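For reference, the structure discussed in these notes is given below.
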Amino acid sequence: MVTSSELQSFIPFNCVSRVGTETRYIEQAFAALHISGDGMFTRRCHEILEAELGVRKALLTTSCTHALEMSALLLNIQPGDEVIVPSFTFSSVANAFVLQGARPVFADIRPDTLNLDDAQLEALITPATKAIVPVHYAGVGCEMDAIGAVAERHGISVIEDNAHGLFARYRGRPLGSFGRLATQSFHETKNFSSGEGGALLINDPGLVERAEIIREKGTNRKQFFRGQVDKYTWIEKGSSFLPSDILAAVLFAQLEVRDKIQGKREHIWNTYQRELASWAANHGVRLPHVPPHCEQSFHIFYLLMPSRDDRDALIEHLAAQQILSVFHYMPLHVSQMGRHFGGYPGQCPVAECVSDRLIRLPLYSSLSQSDQARVIEAILDFSFPRRQPHAPRDQMLSRR
């Protein structure tokens with residue numbers, strides 16, 4: 001039986017942010033007699049995202065997955081089309097396009113930032129390629145100059161998956177402002193959360209009106225409420241992508257104090273980096289790499305251990321001390337569905353290597369200084385299991 005003292009000592013991997021005004025804003029939504037989609041709190045969230053990111057239009061959605069599915073509909077993805085996605089990411093990135101009959105083409109990742117390897121893009125493009133979906137892993141920007149240049153040469157759309165990177169920047173410009181479209185996540189694991197939720201960011205003004213139609217079940221209901229048409233009707237394919245204004249009220253409470261939340265996460269991230277640097281260098285462990293031209297979102301702090309055995313042993317070691325740490329994605333190309341689309345072991349070797357070795361540490365805005373000190377102390381006390389050297393894998397991750 002677990003005692004109350006043992007429960008109190010447990011350090012979770014993630015703890016949902018709560019800033020204190022969420023309940024009051026939810027009550028205001030009820031008082032306004034509008035708790036369905038596109039109420040006053042949804043509009044306020046849109047205003048913040050549009051102003052902070054400089055995008056033409058922001059639309060809250062029920063999830064980042066649904067924002068990706070809207071992207072596929074907006075770009076008229078058809079059966080036989082191909083969409084390039086990094087293998088080291090979540091299934092939603094591929095599923096959104098598979099649902100429209102497209103084939104995902106799996107790209108390997110860079111060994112430094114763990115983002116889509118821009119050097120591979122030219123070789124992956126065919127006449128069937130319709131889109132590239134760079135995922136800003138851990139909130140560190142992909143090489144958008146190179147990706148954008150390739151896409152422009154071939155007339156291919158870019159959709160940024162910015163689930164990890166809200167308010168991060170690449171060469172001084174906000175992530176989410178580079179592609180024709182971009183998506184955000186407000187899942188409970190993200191820096192800013194409404195429990196479940198997302199957003200579609202639109203940079204191509206020609207897509208705004210259709211996005212509103214698709215988001216409103218394929219109808220021109222939005223135009224009707226603006227007085228642009230005298231009645232609304234079914235226009236094209238769509239679905240119910242609007243979140244409740246109750247969820248938007250929760251999200252707005254957090255976006256309203258975004259600098260405070262980000263400041264706390266930055267302090268925690270920097271503390272891990274500072275306190276673990278010497279230990280990592282002495283044991284062949286790699287810490288996150290943030291290029292100087294990137295301003296990250298402080299979403300994830302990870303360790304790349306020398307081997308999978310080391311990674312698994314450290315997870316067990318931390319668990320024994322009531323600290324939850326976790327690995328991350330299993331590469332899409334070797335999953336059951338990935339193999340269905342032609343993926344095979346060895347196709348994306350860096351993704352496979354990283355997946356075996358990566359461990360994520362607890363990082364949330366309410367993580368106390370004492371709890372973080374416990375995590376760091378536990379890592380410094382870890383005894384590596386005896387092993388054979390893994391030089392080829394280490395060289396693979398140091399080629400950039």
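The values are calculated or read from the model by the stated rules, or taken from the named source; none is laboratory data. Keep in mind that this is a model prediction, so the values were computed, not measured. Don't worry about glycine lacking a Cβ; one is built from the backbone with ideal geometry, like all the others, and counts go over all protein chains shown.
Rundown of residues vs (1) part of a strand (DSSP E or B); (2) surrounded by fewer than 24 Cβ atoms within 10 Å (Cβ to Cβ); (3) out of contact with any His (no Cβ under 8 Å at 6 or more places or on another chain), yes/no style:
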| position | (1), (2), (3) |
| --- | --- |
| Gly148 | no, yes, yes |
| Val158 | yes, yes, yes |
| Leu166 | no, no, yes |
| Gln184 | yes, no, yes |
| Glu196 | no, yes, no |
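If the requirement is being within 30 Å of Phe301 (Cβ to Cβ), of a type outside the set (D, E, K, R) and touching a helix residue (DSSP H, G or I) at 6+ places or on another chain (Cβ under 9 Å), which of these qualifies: Phe30, Phe41, Phe90?
When all the criteria are applied, what remains is Phe90.
When Ala138, Ala107, Ala131, Ala102 are screened for being buried (at least 18 other Cβ atoms within 10 Å of the Cβ), under 15 Å from the mean Cα position of the chain (by Cα), of a type in the set (Gly, Ala, Ser) and not assigned by TED's automatic domain parsing to the domain that holds Val350, only Ala138 passes.
Checked against the criterion of being under 25 Å from the mean Cα position of the chain (by Cα), modelled with pLDDT of 95 or more, farther than 30 Å from Ser370 by Cβ and of a type in the set (Asp, Glu), region 255-267 contains not a single residue that satisfies it. All of (1) among the charged types (D, E, K, R); (2) closer than 30 Å to Ala123 by Cβ; (3) surrounded by fewer than 19 Cβ atoms within 10 Å (Cβ to Cβ) hold for Glu377 with one exception: (2). Has region 70-89 got any residue that is among the charged types (D, E, K, R), surrounded by fewer than 19 Cβ atoms within 10 Å (Cβ to Cβ) and either more than 21 Å from Cys142 (Cβ to Cβ) or not assigned by TED's automatic domain parsing to the domain that holds Ser194 (or both)? Scanning region 70-89 turns up at least one residue that is among the charged types (D, E, K, R), surrounded by fewer than 19 Cβ atoms within 10 Å (Cβ to Cβ) and either more than 21 Å from Cys142 (Cβ to Cβ) or not assigned by TED's automatic domain parsing to the domain that holds Ser194 (or both).
The condition of being among the β-branched types (Val, Ile, Thr), under 30 Å from Ala72 (Cα atoms) and more than 18 Å from the chain's Cα centre (by Cα) holds for only one of Ile315, Ile323, Ile246, that being Ile246.
Applying the condition of being closer than 22 Å to Val83 by Cβ and within 16 Å of the chain's Cα centre (by Cα) to region 168-182 and asking which residue is surrounded by the most Cβ atoms within 10 Å (Cβ to Cβ) yields Leu175.
Considering region 201-229, and only residues there that are of a type outside the set (Ser, Thr, Tyr) and part of a strand (DSSP E or B), the residue that is nearest to Phe167 (Cα to Cα) turns out to be Leu201. Note on region 11-25: residues that are modelled with pLDDT under 95 and either touching a Pro at 6+ places or on another chain (Cβ under 7 Å) or surrounded by 13 or more Cβ atoms within 10 Å (Cβ to Cβ) (or both) total 5. In the set (1) more than 23 Å from Val290 (Cβ to Cβ); (2) in contact with a Leu (Cβ under 7 Å, 6 or more places away or on another chain); (3) outside any strand (DSSP E or B); (4) not basic (Lys, Arg), the condition left unmet by Gly141 is number (1).
Looking across region 26-61, the residues that are polar (S, T, N, Q) and surrounded by 20 or more Cβ atoms within 10 Å (Cβ to Cβ) come down to Thr42, Thr61.
When we screen Gly198, Gly165, Gly176, Gly218 for residues that are farther than 29 Å from Glu266 by Cα, of a type outside the set (Lys, Arg) and not assigned by TED's automatic domain parsing to the domain that holds Gln296, the only hit is Gly218. Remark: pairs (first residue in region 46-61, closer than 18 Å to Lys217 by Cα; second residue among the aromatic types (Phe, Trp, Tyr); Cβ separation under 7 Å; 6+ apart in sequence or on different chains) = Thr61/Phe241. Evaluated against (1) in contact (Cβ under 8 Å) with a residue 40 or more places away in the chain; (2) under 20 Å from Leu73 (Cα atoms), Trp234 falls short on exactly one condition, (1). Where strands (runs of 3 or more DSSP E) fall entirely within region 77-137, those with at least 1 residues that are small (Gly, Ala, Ser) are at 103-107, 129-132.
Counting only helices (runs of 4 or more DSSP H) wholly contained in region 294-400, the ones carrying 3 or more residues that are at pLDDT 95 or above occupy 308-320, 336-340, 349-357, 369-380.
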